[in-house]
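The values are calculated or read from the model by the stated rules, or taken from the named source; none is laboratory data. Predicted, not measured: the structure shown is a model, and the values here were computed from it. Reconstructed Cβ throughout: ideal geometry from the backbone, glycine too, with neighbour counts over all protein chains shown.
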Amino acid sequence: MKVLQIVESAYRGTLEEQDDTIIWLTQAMKGAGGDLDVLLRGNAVSYALKDQDASGLSFGDWKQTEPPRIDEQVNGLLGKGVKVYYVDEDASERGIDKSDLVKGVQAIPRGQVAELLGAYDHAWHW
Amino acid sequence: MAGKKTLTFAIMDPPYESGRSTTAFRLIDIAVKRGYDVNVFAYEGAVCLPFAKQQAHPNAVHGREAEEENHPLPKDWVAALIKSAATNGGKLDWVNCGLCVDERGVAEAIEGVRRGTPADLWKLAEGSDNTLVIGTR
């Protein structure tokens with residue numbers, strides 16, 4: 001079974017979770033032998049931006065020592081052989097250039113997403 | 001500092017679901033650091049924020065044991081804010097909607113959290129300089 005994880009809901013509780021939960025889930029299932037790829041769309045295209053820094057959160061004397069490092073998560077997926085796509089227009093509409101993104105993510109034009117879906121047994125849209 | 005302010009926050013999102021909760025905590029953090037008196041009326045899922053049984057866990061995907069992971073627990077954030085308020089000469093009155101608590105089975109809240117009703121929200125707002133609602137979307 002081959003699954004495309006479509007991630008659209010972005011930065012939802014990432015500071016509390018120390019990651020994006022769907023990227024995390026993908027890593028965990030890949031580690032368990034799953035065959036998955038990822039498509040970032042909408043606001044989630046920002047997950048592929050290099051050099052994100054979410055450090056510094058504190059409340060009173062509580063300090064977050066391990067902030068989310070979502071670009072590293074994306075790199076981790078690529079390192080495990082997971083293909084990470086992003087919708088090209090969603091990036092450009094947000095002023096994100098390909099040079100701003102981690103190496104290895106692949107742009108896919110919005111008009112070719114349907115064709116991409118055809119390469120998978122399941123498309124899970126989060 | 002101009003006169004001491006009293007602010008009320010009505011919040012609604014559960015933990016681990018939305019950046020809005022973190023934003024609310026950041027605003028409350030600034031207010032208590034200024035010595036303001038702050039009221040929080042936690043409604044619906046937000047009553048789970050100070051739930052005492054939240055537990056940190058190791059994270060195999062991150063490759064860290066529980067201690068290294070230092071997993072954020074919103075109950076610790078609430079406790080830190082209550083402490084910070086007292087340190088800075090104010091107070092944080094955290095009121096959990098009682099019916100919302102019962103629905104969710106989260107009666108065991110950390111120290112400093114009290115049970116209340118919508119009438120408390122009304123009273124708190126009446127006694128405040130301003131009230132900010134951060135609702136679920």
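For residue A:14, state whether it is within 14 Å of another protein chain (Cβ to nearest Cβ) and either exposed (fewer than 14 other Cβ atoms within 10 Å of the Cβ) or without any contact (Cβ under 8 Å) to a residue 24 or more places away in the chain (or both). When the stated conditions are applied, residue A:14 does not pass them.
Applying the condition of being without any contact (Cβ under 8 Å) to a residue 60 or more places away in the chain, out of contact with any Cys (no Cβ under 9 Å at 6 or more places or on another chain) and under 15 Å from residue B:40 (Cβ atoms) to region B:113-128 and asking which residue is surrounded by the most Cβ atoms within 10 Å (Cβ to Cβ) yields B:123.
Starting from residues that are free of Cβ contacts under 8 Å to residues at least 60 places away in the same chain and either in contact with a Lys or Arg (Cβ under 9 Å, 6 or more places away or on another chain) or of a type in the set (Ser, Thr, Tyr) (or both), keep the ones in region B:22-46 and report whichever is nearest to residue B:95 (Cα to Cα). Ranking the candidates gives B:38 first. Screening residue B:107 with (1) within 11 Å of chain A (Cβ to nearest Cβ); (2) more than 30 Å from residue A:27 (Cα to Cα); (3) assigned to a loop (DSSP other than H, G, I, E, B) gives one miss only, at (1). Among the residues of region A:38-47, not a single one is at the interface with chain B (Cβ under 7 Å from one of its Cβ atoms), within 19 Å of residue A:85 (Cα to Cα) and either buried (at least 20 other Cβ atoms within 10 Å of the Cβ) or touching a residue at least 60 places away in the same chain (Cβ under 8 Å) (or both).
May I ask you to list the residues in region A:54-93 that are basic (Lys, Arg), more than 10 Å from chain B (Cβ to nearest Cβ) and surrounded by 14 or more Cβ atoms within 10 Å (Cβ to Cβ)? Across region A:54-93, the qualifying residue is only A:83. When B:81, B:132 are checked against the criterion of being farther than 30 Å from residue A:74 by Cβ, within 14 Å of chain A (Cβ to nearest Cβ) and not polar (S, T, N, Q), B:81 stands alone in meeting it. Comparison of B:131, B:136, B:87 shows that the only residue that is modelled with pLDDT under 95 and either surrounded by fewer than 16 Cβ atoms within 10 Å (Cβ to Cβ) or among the aromatic types (Phe, Trp, Tyr) (or both) is B:136. For residue B:33, the criteria (1) touching a Ser or Thr at 6+ places or on another chain (Cβ under 8 Å); (2) over 24 Å from residue A:18 (Cβ atoms); (3) crowded, with 22+ Cβ neighbours inside 10 Å; (4) within 11 Å of another protein chain (Cβ to nearest Cβ) hold in every case but one, which is (3).
The residues of region A:20-34 that are in contact with a strand residue (DSSP E or B) (Cβ under 8 Å, 6 or more places away or on another chain) and either surrounded by 23 or more Cβ atoms within 10 Å (Cβ to Cβ) or hydroxyl-bearing (Ser, Thr, Tyr) (or both), listed by number, are A:20, A:23, A:26. Across region B:57-75, which residue is farthest from the other protein chains (Cβ to nearest Cβ) among those that are more than 22 Å from residue B:28 (Cβ to Cβ) and in contact (Cβ under 8 Å) with a residue 12 or more places away in the chain? Only one residue fits best here, namely B:57.
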